[in-house]
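A.B. asks: What follows is a single structure, and I will ask about it in a moment.
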Amino acid sequence: MPTENIKFFQPTPGATPRTPYENLPILARKLYKHEEDLAEQSFARYEAKQARLMEIRGRKAAAQLEALQNEREPKPSAELAEDSARIIAECNTELAAQEQAYEDEKRLLPGGFWQVVQDFAKTHALRPLKSYNFKCELGDDLLAEHEACRAAREAKLEEVDAVRRADVPATVITSAIDRIYSEASTSIQHALRKLRTPNKVATGRFSARSLELPMLTIPNGAGGLSRLNDTATLLFAVFGTEIRERLKAMALAGHDAENAIPIADRPAMLKKIEADILEIERKAEFIYRTGRARGINTGPRLAASPLAILDIDFA
């Protein structure tokens, strides 16, 4: 049989897509690696704590077993029971101290965002990115400046919540009630117009129509559907004017007309506030990097955007 000649072709540069890590700018790759190192250090601390706790629990279990065996003896030893109780109490104290020390150390550490930057890099692996190179003037008290960023960010987040929860103008509320009245009136008028003409049956005879009110179809809980008269629509159509005015009065009770924000204006307002938040987060990360270079712990980091953590922006 003839042999098959296999030829291997070298891939041309750029023929294969870059990895999420390779898509990052050069400076961002160092920050990316730093977050990875922080995650490894955090895992190593956790593993060391768990190993120490396992050792203490093993000593405690041995003392508990010894105490149980001593209790089952015909003549239990008081000294052995006292010694076992002392060891168990010491182990309990040491377990609590180890947990507290780990939490205290964890609270003082700046923390890492390895999962955040990893997910960001994977999600935007095909999107062009560029270095932002954030710089600003900093004083000697980096911790105070970092806390100021935290307070400023909290204030901006409150602004975001205020914009989202602000009342809409009164006209939006009243128009929503007017739409219900208009739709209910149209539905009932359509049903009433049908009464003007007779119903022609298959035999050629005519009969008077019945009033067919709007119906609601809802699940009946037994796997089927139930049809009920839409009483609300009927009431709106018949007593619409009175109901409409009462609903408007109820809806506008407590309405904050002075601070009302139109719906169309909110996206631009939120976009501006979110840009301010990103700038604050960039400064906080710059303070963290500066403190790390000076050997200063600036405290727990803010839950910043990956753009601030990696000091990048979309190209």
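The values are calculated or read from the model by the stated rules, or taken from the named source; none is laboratory data. Model, not experiment: these values are computed from the prediction. A quick note on method: Cβ atoms are made from the backbone with ideal geometry, for glycine too, and the neighbour counts reach across all protein chains shown.
A.B. asks: Are there any pairs, at least 6 apart or on different chains, whose C-beta atoms fall under 6 Å, with the first in region 287-315 and acidic (Asp, Glu) and the second surrounded by fewer than 21 Cβ atoms within 10 Å (Cβ to Cβ) and in a strand (DSSP E or B), and if so, which?
C.D. replies: Close Cβ pairs satisfying both conditions: ASP313/LYS130.
A.B. asks: Return the only residue of GLN100, GLN115 being closer than 30 Å to GLU22 by Cβ, among the polar types (S, T, N, Q) and at pLDDT below 95. Working first, answer last.
C.D. replies: Working: GLN100 fails: closer than 30 Å to GLU22 by Cβ.
From the options GLN100, GLN115, the qualifying one is GLN115.
A.B. asks: Which is surrounded by 12 or more Cβ atoms within 10 Å (Cβ to Cβ), within 22 Å of ILE273 (Cα to Cα) and either in the same structural domain as SER42 (by TED's automatic domain parsing) or free of Cβ contacts under 8 Å to residues at least 60 places away in the same chain (or both), of ALA148, ALA121?
C.D. replies: Details: ALA121 fails: within 22 Å of ILE273 (Cα to Cα).
None of the others qualify; the one that does is ALA148.
A.B. asks: Anything in region 209-225 that is in contact (Cβ under 8 Å) with a residue 12 or more places away in the chain and over 21 Å from ILE180 (Cα atoms)? List them, or say none.
C.D. replies: Let us first name the residues in region 209-225 that are in contact (Cβ under 8 Å) with a residue 12 or more places away in the chain, namely 209, 211-216.
ARG209, LEU211, listed by residue number.
A.B. asks: Still on this model: Which residue out of ALA315, ALA303 is surrounded by fewer than 17 Cβ atoms within 10 Å (Cβ to Cβ), under 17 Å from LYS156 (Cα atoms) and either at pLDDT below 95 or of a type in the set (Lys, Arg) (or both)? Explain how you work it out, then say what you get.
C.D. replies: Values: ALA315 fails: under 17 Å from LYS156 (Cα atoms).
From the options ALA315, ALA303, the qualifying one is ALA303.
A.B. asks: Same structure, new question: When you check ALA222 against the structure, is it farther than 26 Å from VAL168 by Cβ, at pLDDT 80 or above and either over 37 Å from the mean Cα position of the chain (by Cα) or part of a loop (DSSP other than H, G, I, E, B) (or both), yes or no? Show your work before the answer.
C.D. replies: Values: farther than 26 Å from VAL168 by Cβ: yes; at pLDDT 80 or above: yes; either over 37 Å from the mean Cα position of the chain (by Cα) or part of a loop (DSSP other than H, G, I, E, B) (or both): yes.
Judged against the criteria, ALA222 is a match.
A.B. asks: Oh, and also: Kindly indicate the residue of region 92-127 that is among the charged types (D, E, K, R) and within 30 Å of LEU143 (Cα to Cα) and also farthest from the chain's Cα centre (by Cα) among those meeting that condition.
C.D. replies: Within region 92-127, the first condition is being among the charged types (D, E, K, R), and the residues that meet it are 94, 99, 103-107, 119, 122, 127.
Still in the list and also within 30 Å of LEU143 (Cα to Cα): 99, 103-107, 119.
Details: GLU99: 28, GLU103: 24, ASP104: 26, GLU105: 26, LYS106: 23, ARG107: 22, ASP119: 14 Å.
The selected residue is GLU99.
A.B. asks: Further question on the same structure: ALA249: exposed (fewer than 12 other Cβ atoms within 10 Å of the Cβ) and more than 30 Å from LYS156 (Cβ to Cβ), yes or no?
C.D. replies: Values: exposed (fewer than 12 other Cβ atoms within 10 Å of the Cβ): yes; more than 30 Å from LYS156 (Cβ to Cβ): yes.
In short, yes.
A.B. asks: Now for a different question. For region 107-118, state whether one or more residues are of a type in the set (D, E, K, R), closer than 28 Å to ALA304 by Cβ and in contact (Cβ under 8 Å) with a residue 24 or more places away in the chain.
C.D. replies: Of all residues in region 107-118, those of a type in the set (D, E, K, R) come to 107.
Filter once more, keeping what is closer than 28 Å to ALA304 by Cβ: 107.
Next, only the ones that are in contact (Cβ under 8 Å) with a residue 24 or more places away in the chain stay: 107.
Looking for residues that are of a type in the set (D, E, K, R), closer than 28 Å to ALA304 by Cβ and in contact (Cβ under 8 Å) with a residue 24 or more places away in the chain, one finds at least one in region 107-118, hence yes.
A.B. asks: Still on this structure: Which of the residues belonging to region 84-98 are surrounded by 12 or more Cβ atoms within 10 Å (Cβ to Cβ) and either free of Cβ contacts under 8 Å to residues at least 12 places away in the same chain or in contact with a Cys (Cβ under 8 Å, 6 or more places away or on another chain) (or both)?
C.D. replies: Across region 84-98, the qualifying residues are ALA89, GLU90.
A.B. asks: If you don't mind, another one. Taking the stated definitions as given, is ALA202 assigned to a loop (DSSP other than H, G, I, E, B), surrounded by fewer than 14 Cβ atoms within 10 Å (Cβ to Cβ), free of Cβ contacts under 8 Å to residues at least 12 places away in the same chain and aliphatic (A, V, I, L, M)? Don't jump to the end; show me each part of the working.
C.D. replies: On the way: assigned to a loop (DSSP other than H, G, I, E, B): yes; surrounded by fewer than 14 Cβ atoms within 10 Å (Cβ to Cβ): yes; free of Cβ contacts under 8 Å to residues at least 12 places away in the same chain: yes; aliphatic (A, V, I, L, M): yes.
Yes.
A.B. asks: While we're on this one: Return yes or no: is ALA257 hydrophobic (A, V, I, L, M, F, W, C), touching a residue at least 24 places away in the same chain (Cβ under 8 Å), touching a helix residue (DSSP H, G or I) at 6+ places or on another chain (Cβ under 7 Å) and surrounded by 15 or more Cβ atoms within 10 Å (Cβ to Cβ)? Steps first, answer last, please.
C.D. replies: Values: hydrophobic (A, V, I, L, M, F, W, C): yes; touching a residue at least 24 places away in the same chain (Cβ under 8 Å): yes; touching a helix residue (DSSP H, G or I) at 6+ places or on another chain (Cβ under 7 Å): yes; surrounded by 15 or more Cβ atoms within 10 Å (Cβ to Cβ): no.
No.
A.B. asks: Also, I was wondering about something else. Within region 171-193, is there a residue that is touching a Pro at 6+ places or on another chain (Cβ under 6 Å), outside the structural domain of ALA293 (by TED's automatic domain parsing) and without any contact (Cβ under 8 Å) to a residue 60 or more places away in the chain?
C.D. replies: Within region 171-193, one or more residues are touching a Pro at 6+ places or on another chain (Cβ under 6 Å), outside the structural domain of ALA293 (by TED's automatic domain parsing) and without any contact (Cβ under 8 Å) to a residue 60 or more places away in the chain.
A.B. asks: Suppose we filter region 294-315 for residues that are under 13 Å from PRO110 (Cβ atoms) and outside any loop (DSSP other than H, G, I, E, B); how many remain? Walk me through it before giving the result.
C.D. replies: So in region 294-315, the residues under 13 Å from PRO110 (Cβ atoms) come out as 295-304, 309.
Still in the list and also outside any loop (DSSP other than H, G, I, E, B): 309.
Selection size over region 294-315: 1.
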